[in-house]
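Written out below as structure tokens is the structure these notes cover.
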Amino acid sequence: MPRFEVYGETDVGCVKRRNEDALDYVLRPDREALLAVVADGVGGLPGGDVASEVAVRAVIEHGREALLELESAPDEEALRSMLLTAVKVANSAVQKCQLQSPELKSMATTIVVALAVGERVMVAHVGDSRCYRQRAGQLLCLTEDHTVAQQMLKDGVLSRSRIAESPYNQVLSQALGVADRIDVTVSQDSLQAGDVWLLCSDGLNKALSDELIVDELNAAAGLVDASRTLIRAANAKGGEDNITVLLFAPAIQ
């Protein structure tokens, strides 16, 4: 069973006054199972920072106990159920906070959660926070943004070449806190020695192209260096949004 190392940081960026991103992780004591989460509070609405913190805390509190109960080789359905439950618990926690604080009734947040155990990584997300995998020097995005522009692309209304410049690229089609029922996207992938996995808020990927992200990952001396280098690079490009980077990888034995 591979053991994991993990590191993450968040930064307010160069423009915004408040950091509405949040991140956290829980590593099982044997380091053979990991749950990592990044959330990005929806800007322009009161309480984005509260929504992201509430969602992350709910996932971690649910996941901490669930990780301890995982079998050494859990099946796909068990992992999927764990992730779906964690995200739904987070959605309920955000909605409960809305009811308790009427001034926060419109708050919402994206979320991306990764569960790594054995040779499998499963990812769940709502919104446009992303998960990437670096393998053999190549970068692959494993999530598909829940934005109106992305849906227009799938419907054939918008071309891929125009998606980045579309105003609908900034409009979420899904987020936690906006409805009782959410459509969580879950995917899974294999884990290999040498992989590096990246969870991030859109403040990173909107500042840096995939090519720049993988260049920084390839050049970094470990996860701490990679995290800080990516944040510096995003800020050097203007840092127009909050930037959150959470990296994990199989530990070198």
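Here are some notes:
- When residues of the range 232-253 are limited to those that are within 30 Å of GLU119 (Cβ to Cβ) and buried (at least 18 other Cβ atoms within 10 Å of the Cβ), the one modelled with the lowest pLDDT: PRO250
- Complete set of residues in the range 105-137 that are over 17 Å from the mean Cα position of the chain (by Cα) and modelled with pLDDT of 95 or more: MET107, ARG135
- Residue among SER227, SER190 that alone is more than 16 Å from LYS16 (Cβ to Cβ), in contact with a strand residue (DSSP E or B) (Cβ under 6 Å, 6 or more places away or on another chain) and in contact (Cβ under 8 Å) with a residue 40 or more places away in the chain: SER227
- Take the conditions (1) surrounded by fewer than 20 Cβ atoms within 10 Å (Cβ to Cβ); (2) among the β-branched types (Val, Ile, Thr); (3) at pLDDT 95 or above; VAL148 misses just one of them, which is (3).
- Residue check for ALA249: within 20 Å of ARG28 (Cα to Cα), touching a Pro at 6+ places or on another chain (Cβ under 8 Å) and not in a helix (DSSP H, G or I): no
- Scanning the range 20-66 for residues that are in a loop (DSSP other than H, G, I, E, B) and of a type in the set (Gly, Ala, Ser), we see that the one that is modelled with the highest pLDDT is GLY47.
- Taken as a whole, the condition of being surrounded by fewer than 19 Cβ atoms within 10 Å (Cβ to Cβ) and under 13 Å from the mean Cα position of the chain (by Cα) does not apply to GLU69.
- Once the range 70-104 is narrowed to residues that are touching a helix residue (DSSP H, G or I) at 6+ places or on another chain (Cβ under 9 Å), farther than 17 Å from HIS125 by Cβ and of a type outside the set (A, V, I, L, M, F, W, C), the residue that is modelled with the lowest pLDDT is GLU71.
The values are calculated or read from the model by the stated rules, or taken from the named source; none is laboratory data. From a predicted model like this one, the values you see are computed outputs, not experimental measurements. In this analysis, Cβ positions are derived from the backbone assuming ideal geometry, glycine residues included, and neighbour counts consider all displayed protein chains.
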